[in-house]
Amino acid sequence: MSKAIVITGGSRGIGAATALLAGGRGWAVAFNYARNESAAAETAAAVEAAGGKALAVKGDVASEADVIALFDQAVDAFGPIDGVVNNAGIIAPAMAFADMGLDRFRTMIDTNVLGAFLVAREATRRMATSRGGRGGSIVNLSSAAAKLGAPGEFVDYAGTKGSVGPLTIGLAKELGRDGVRVNAVMPGLIDTDIHADGGSPDRARRMGVNTPLGRAGTAEEVAQAIVWLLSDDASYVSGDIVEVTGGR
Ligand code: NAP
């Protein structure tokens with residue numbers, strides 16, 4: 001069945017790979033991005049070349065107005081929303097927790113926690129049957145850092161990703177009777193640009209050799225799990241946190 005979905009942070013990495021896979025299924029994909037116009041245009045063109053429809057919207061997930069505008073534009077373009085991927089997230093340079101500043105904490109929490117909450121709330125408002133929606137699927141992006149803690153590097157990031165589990169479990173229980181399934185995907189070391197923002201572009205490849213599968217994962221491998229959770233093939237899966245960590 002064709003679907004209309006919203007992805008946050010769809011211009012690059014896991015969000016872009018998800019958009020492309022969804023496009024290949026003929027789905028309509030509205031996605032936002034923070035600042036990288038050329039990457040957004042490239043992803044939109046690739047989604048359409050793969051057989052889907054695409055709409056790229058510039059906006060910040062930490063801005064309530066931007067999140068509402070993203071969903072409004074998605075509905076205007078493609079009709080009722082069937083799925084939402086709560087994917088946009090950031091990291092910051094690796095350092096000891098004691099050295100992290102207030103601005104870093106605020107930006108991290110605003111983007112990864114407040115942003116995820118705003119997107120999940122808007123998804124709920126649009127898809128819950130009791131609010132006029134037709135049900136759907138929400139997929140939240142957690143991280144293996146939520147269970148490992150990322151000591152000495154990204155404890156702040158790990159803390160923000162720790163909020164994804166309760167958000168997912170609580171909403172799955174709250175929204176089941178509203179026809180909305182809610183799950184999370186927990187990636188491990190995935191080879192995307194995010195590691196350059198942490199100060200080590202080859203981090204996933206370097207550390208991936210020490211995982212049980214002996215390598216980093218790809219954005220496409222995470223996207224496969226996300227699209228499955230969005231699809232009707234996962235019709236009885238809710239409240240789950242699917243690890244895509246290569247066994248890490
Ligand atoms: P990425 O390659 O750095 O891509 C991030 C995407 O999010 C880009 O499209 C970026 O837009 C967008 N974005 C950033 N801040 C935003 C904001 N405030 N508002 C809207 N969009 C914003 O990241 P990734 O590796 O694909 O990560 C995606 C998700 O997976 C994140 O939630 C991350 O925490 C999680 N994750 C990743 C890994 C990993 O190893 N890669 C592991 C565990 C969890 P621009 O292109 O405009 O900058």
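Hey, any idea what % of the chain's accessible area is carbon plus sulfur with a 1.4 Å probe? Numbers along the way, then the final one.
Working: 5760 of 10850 Å².
Percent of accessible area from carbon and sulfur atoms in the chain: 53.
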Quiz prompt | Estimated FRET transfer efficiency (residue 69, residue 46; beta-carbon r; R0 25 Å; 0.05) | solution = 0.60
Practice problem: Output ³J(HN,Hα) for the stretch 63-75: one whole-Hz value per residue in order, computed from phi by the Karplus curve 6.51 cos²θ - 1.76 cosθ + 1.60 with θ = phi - 60°, and x for Gly and Pro. | Solution: 9, 4, 4, 5, 5, 4, 4, 4, 5, 4, 5, 4, 5
Quiz item: Are there trypsin sites (Lys or Arg not before Pro) in the stretch 6-85 that DSSP marks as loop and that have at most 14 other Cβ atoms within 10 Å, and which are they?
Solution: 35
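Under a Cβ-Cβ cut-off of 13 Å, what is the net charge of the residues other than residue 160 that fall near it, where Lys and Arg count +1 and Asp and Glu count -1?
Overall, the nearby charge balance is +1.
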Quiz item: Exactly which GluC sites (Glu not before Pro) in the stretch 29-119 are in a DSSP loop and have at most 15 other Cβ atoms within 10 Å?
Solution: none
Quiz item: Can you give the accessible area per residue of the chain, in Å², using a 1.4 Å probe?
Solution: 44 Å²
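If each DSSP helix of 4+ residues adds -39,500 (n - 2.57) and the sum is divided by the residues in the chain, what number results at 222 nm, nearest 500 deg cm²/dmol? Please list the in-between numbers first.
Details: 11 runs with 106 residues, N = 248.
It comes out at -12500 deg cm²/dmol, rounded to the nearest 500.
Which of the trypsin sites (Lys or Arg not before Pro) across the stretch 138-186 are loop residues per DSSP, with 13 or fewer other Cβ within 10 Å?
Numbers: sites: 147, 161, 173, 177, 181; in loops: none.
Taking the stretch 138-186 and a limit of 13 other Cβ atoms within 10 Å, no loop trypsin sites (Lys or Arg not before Pro) are found.
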Quiz item: What number, in percent, do you get for the relative contact order of the chain if the mean sequence gap of Cα pairs under 8 Å and at least 6 apart is divided by its residue count?
Solution: 19 percent
Self-check item: Nearest-ten-degree value, helix 115-127 long axis tilted from longest Cα axis of the chain
Solution: 20 degrees
Quiz prompt | Chain lengthening between residue 147 and residue 117 when straightened (0.36 nm per residue, less Cα-Cα) | solution = 8.8 nm
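To the nearest 0.05, how large is the calculated FRET efficiency for residue 206 and residue 36 if R₀ is 22 Å and r is the Cβ-Cβ distance?
That pair, residue 206 with residue 36, gives E of 0.35.
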Quiz item: Once both axes come from the Cα atoms, what is the angle between helix 164-175 and the longest principal axis of the chain, in degrees from 0 to 90, rounded to 10?
Solution: 20 degrees
Quiz item: What spacing in nm lies between the two simple spin-label points modelled at residue 100 and residue 224, each 7 Å away from Cα in the Cβ direction?
Solution: 3.3 nm
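The values are calculated or read from the model by the stated rules, or taken from the named source; none is laboratory data. All values reported here derive from a predicted model rather than from experimental measurement. Using ideal geometry, Cβ is built from the backbone for each residue, glycine included, and neighbour counts are taken over all protein chains shown. Side chains included, ligands, DNA and RNA excluded: accessible areas come from the protein's heavy atoms. Shrake-Rupley method; radii C 1.70, N 1.55, O 1.52, S 1.80 Å.
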